[in-house]
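The values are calculated or read from the model by the stated rules, or taken from the named source; none is laboratory data. No experiment lies behind these values; they were computed from the predicted model shown. Quick reminder, even Gly has a Cβ in these numbers, built from the backbone with ideal geometry, and neighbours come from all protein chains shown.
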Amino acid sequence: MRAHSKLITSAQQMIHPQLSARVLKHLRHDWQQPLHRATVTQFQRLLPILRTLDRPLLLDSGCGTGASTLTLANLHPGHWLIGVDQSALRLRRLAADGLGVHGNAILLRAELSSFWRLWVAAGWRAEKNYLLYPNPWPKAAQIGRRWHGHPVFPLLLQTAAQFELRSNWRLYVDEFALAASWLGAPVDAVAAVMIDAPLTPFERKYHDSGQTLWRVRIGAN
Ligand SMILES: C[S@@+](CC[C@H](N)C(=O)[O-])C[C@H]1O[C@@H](n2cnc3c(N)ncnc32)[C@H](O)[C@@H]1O
């Protein structure tokens, strides 16, 4: 039986009118919000492992169950994959005590905005950061919860040399691409994802429901 997943509907049909003001404000002002304490602890646990890694790093930000992290780890045996998600429920099968090493993949339970801040502050830079199907927050009033409308956005763009964002809501991808271009990042054209084997559980669910999925690649490829 085909899983059915509803199309995203939103009263917002165009780029959010406050997006440019928000991105500019976040660029000009350092983000002062206290770090998520449990994520600081998790990052301290990760650091000694990170220091031993001898291959380039790939991040899977918001990795859900970690299935995509393990798939990417198989596809990139010459890299280390780090999958991060805040949900113990989603990560439970894969991470013991919030941190688990599986071959060339590490799964970590952590809150992303704090994790990215700690990552950049400690001088780490991944080769690529995958953001696969982030929560869309489709109501216009939720613009501040979309990653490109969030104060962490300028730091997010420092976490890696390249990025790949995928979503089933094209407007999310368009906004993210535009915001990244305002900050000077080289941004590819937004394109439909050609699904051969779905990379993530959400990708499978949306694909099985017949939805078009969108991606943007950012950074020097
Ligand atoms: C729609 S799901 C997509 C999961 C997975 N990437 C996939 O495609 O199957 C979004 C995921 O982002 C995680 N997430 C949302 N906000 C987060 C945050 N601030 N920190 C860490 N994880 C977060 C959620 O727990 C959830 O697993």
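Under 9 Å between Cβ atoms, at least 6 apart or on separate chains: pull out the pairs that start in region 206-217 with a residue that is on the phi < 0 side of the Ramachandran plot and in contact (Cβ under 8 Å) with a residue 24 or more places away in the chain and end on any residue that is surrounded by fewer than 16 Cβ atoms within 10 Å (Cβ to Cβ) and assigned to a helix (DSSP H, G or I). Listed by first residue and then by second, the contacts come to Thr212/Arg170; Trp214/Arg170.
Tell me whether region 125-133 contains one or more residues that are more than 30 Å from Gln12 (Cα to Cα), part of a loop (DSSP other than H, G, I, E, B) and modelled with pLDDT of 95 or more. Checking region 125-133: at least one residue is more than 30 Å from Gln12 (Cα to Cα), part of a loop (DSSP other than H, G, I, E, B) and modelled with pLDDT of 95 or more. Inside region 35-86, can you point out the residues that are in a loop (DSSP other than H, G, I, E, B) and either within 12 Å of the ligand (Cβ to nearest atom) or among the aromatic types (Phe, Trp, Tyr) (or both)? Those that are in a loop (DSSP other than H, G, I, E, B) and either within 12 Å of the ligand (Cβ to nearest atom) or among the aromatic types (Phe, Trp, Tyr) (or both): His36, Gly62, Cys63, Gly64, Thr65, Gly66, Gln86.
Residue count for region 173-217 under the criterion of being within 12 Å of the ligand (Cβ to nearest atom) and either at pLDDT below 95 or over 12 Å from Leu132 (Cβ atoms) (or both): the result is 2. Among the candidates Leu118, Leu108, the residue that is crowded, with 23+ Cβ neighbours inside 10 Å, of a type in the set (A, V, I, L, M) and either touching a Gly at 6+ places or on another chain (Cβ under 7 Å) or in a helix (DSSP H, G or I) (or both) is uniquely Leu108. Residue pairs whose Cβ atoms lie under 7 Å apart, separated by 6 or more positions or on different chains, with the first residue in region 163-181 and free of Cβ contacts under 8 Å to residues at least 60 places away in the same chain and of a type in the set (D, E, K, R) and the second assigned to a strand (DSSP E or B) and within 16 Å of the ligand (Cβ to nearest atom), are Glu164/Lys128; Glu164/Tyr130; Glu164/Arg215; Arg166/Leu132; Arg166/Trp214; Arg166/Arg215; Arg170/Trp214.
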